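For reference, the structure discussed in these notes is given below.
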Amino acid sequence: AAKEHERGSVRVCDDELRAAATTRLAQQNALRRAIDRDELVLHLQPIVRSGTHSLAGVEALVRWAHPEHGLLPPGDFLHVAENSGLLRPLGHWVLGEACRQLATLRAEGVVPPSSTVWINISGPELADPELPHRVHQATAQAGLALDDIVLEISERALLDEANGRLDRLAELGITLALDDLGTGRTSAADLVNAPLDIVKIDRSFVLAMEEDLQARAVVLALLQLARAVGARVVAEGVETDAHVVTLEGLGCEFLQGFGIGRPVPRESLARELGAATAR
Ligand code: C2E
Ligand code: MG
Ligand code: MG
Ligand code: MG
């Protein structure tokens, strides 16, 4: 009976695996078509300077305008891209589109000429030796300079990558930001060795500050760590006026979050910025 059961469960497992593989393949094909058919869209979220709340830049956040399922957040499809070699074409599209959108927003006078576009770079993209060339190309084609963009690197990418890759980008004059500080395993030594201009404190710490005095102390410690390595700090997930007051009091240079401005399509950014300054 045990054998029977075993055989049975093996068969079930086999079927499940086949079904899962089929779904995965279907998802990958759908995403590949989406990239080709321009179904991806970028939303832009304001990043402002503390105190004045003047616009420093916008973070480009990818979405998939799925013909059946509607607007999908990156959490729904980036993993599909990651497991199928589609991260590079996706990242390539994001890079080009983000640069074009910043150029348009500047030309329209929606954002100040000094403002930058912040682009998320995944680990596999960072590992791509073509990345510096692609960045060059994307900025040049949009009529931008290399210091018009900020590349956001995850902690995981920081660990995976020889710092040489980051050094190469930094030498080109590209501003580098460490994303989601506090969620990964970056050591102080990693931070000291990486050529980081900016660190973004993950929103989980900002959220925790409300109820938890210890969380406020942790945010302060992260700020001091950033200072020690010569980086300026963005607080992510700024949702309330109390967050703004606390973070400005702690000396955080930049603020980002729903309380400052939501991620919106380029056409809606002017209105979103109006709302942000009116607050
Ligand atoms: P991230 O880079 O840390 O981006 C911030 C995420 O937090 C965004 O989610 C944003 O919508 C959300 N957010 C911003 N302010 C607030 C707030 O005040 N409260 C809350 N609850 N959430 C806030 P989103 O757009 O779903 O993106 C999730 C992640 O997907 C990003 O995290 C980033 O790691 C990745 N991602 C997004 N776009 C791209 C892209 O073009 N390329 C790559 N490689 N990754 C991307
Ligand atoms: Mg980011
Ligand atoms: Mg982030
Ligand atoms: Mg985050």
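The values are calculated or read from the model by the stated rules, or taken from the named source; none is laboratory data. Keep in mind it's a predicted model, so treat the numbers as computed, not measured. Quick reminder, even Gly has a Cβ in these numbers, built from the backbone with ideal geometry, and neighbours come from all protein chains shown. Remember, those area values only see protein heavy atoms, side chains included, never the ligands or the DNA or RNA. Shrake-Rupley method; radii C 1.70, N 1.55, O 1.52, S 1.80 Å.
Longest stretch of the chain clear of exposed loop sites (GluC sites (Glu not before Pro), DSSP loop, at most 14 other Cβ atoms within 10 Å, sites excluded): 131-209.
Evaluate the Kirkwood expression for the hydrodynamic radius of the range 150-279, namely the inverse of the mean inverse distance over all pairs of different C-alpha atoms, and round to one decimal in Å. Write down the numbers at each step before the final one.
On the way: mean 1/r = 0.0646 Å⁻¹.
Kirkwood radius, the range 150-279: 15.5 Å.
Rounded to the nearest 20, the Cβ-based charge dipole of the range 233-278 about its Cα centre (Lys and Arg +1, Asp and Glu -1) stands at 180 debye.
Put a plus charge on the Cβ of each Lys and Arg, a minus charge on the Cβ of each Asp and Glu, and nothing anywhere else: the dipole of the chain about its Cα centre is then about 320 debye.
Note on R168 and R227: the extension gain reaches 19.0 nm, defined as 0.36 nm multiplied by sequence separation minus the Cα-Cα distance. Applying D = kT/(6 pi eta Rh) to the range 89-157, where Rh is the Kirkwood radius over alpha-carbon pairs, T corresponds to 20 °C and eta to 1.002 mPa s, the Stokes-Einstein value obtained is 174 µm²/s. Here the range 147-279 is assigned +1 on the Cβ of each Lys and Arg and -1 on the Cβ of each Asp and Glu. Its dipole about the Cα centre then comes out at about 100 debye.
Tilt of helix 131-141 relative to the longest C-alpha principal axis of the chain, in degrees (0 to 90, nearest 10)? Between the helix axis and the principal axis of the chain, the angle is about 60 degrees. A probe of 1.4 angstrom, applied to the heavy atoms of all protein chains, finds R24 with accessible area near 120 square angstrom.
Extension gain, L72-H133: 0.36 nm per intervening residue step, less the Cα-Cα distance, totals 19.0 nm.
Applying the Karplus relation 6.51 cos²θ - 1.76 cosθ + 1.60 with θ = phi - 60° to the range 46-51 yields 3J(HN,Hα) values of x, 10, 10, 7, 4, x Hz, where x marks Gly and Pro.
Multiply the residue gap between E267 and R49 by 0.36 nm, knock off their C-alpha separation, and tell me the result in nm, one decimal place. Spell out each step's value before the answer.
Working: separation 218, 0.36 × 218 = 78.48 nm, distance 2.24 nm.
Length difference between fully extended and current span is 76.2 nm.
Distance between the modelled labels on N193 and A107, one decimal in nanometres: 4.4 nm (7 Å Cα→Cβ projection). Couplings 3J(HN,Hα) for the range 113-123, derived from phi with the Karplus relation 6.51 cos²θ - 1.76 cosθ + 1.60 (θ = phi - 60°), are x, 7, 6, 10, 10, 9, 10, 6, 10, 7, x Hz, where x marks Gly and Pro. Relative to the longest principal axis of the Cα atoms of the chain, helix 213-228 runs at roughly 80 degrees. Listed values for the range 61-72 are Karplus-derived 3J(HN,Hα) couplings in whole Hz (6.51 cos²θ - 1.76 cosθ + 1.60, θ = phi - 60°), namely 10, 7, 9, 10, 7, 6, x, 9, 9, x, 7, 9, and x replaces Gly and Pro.
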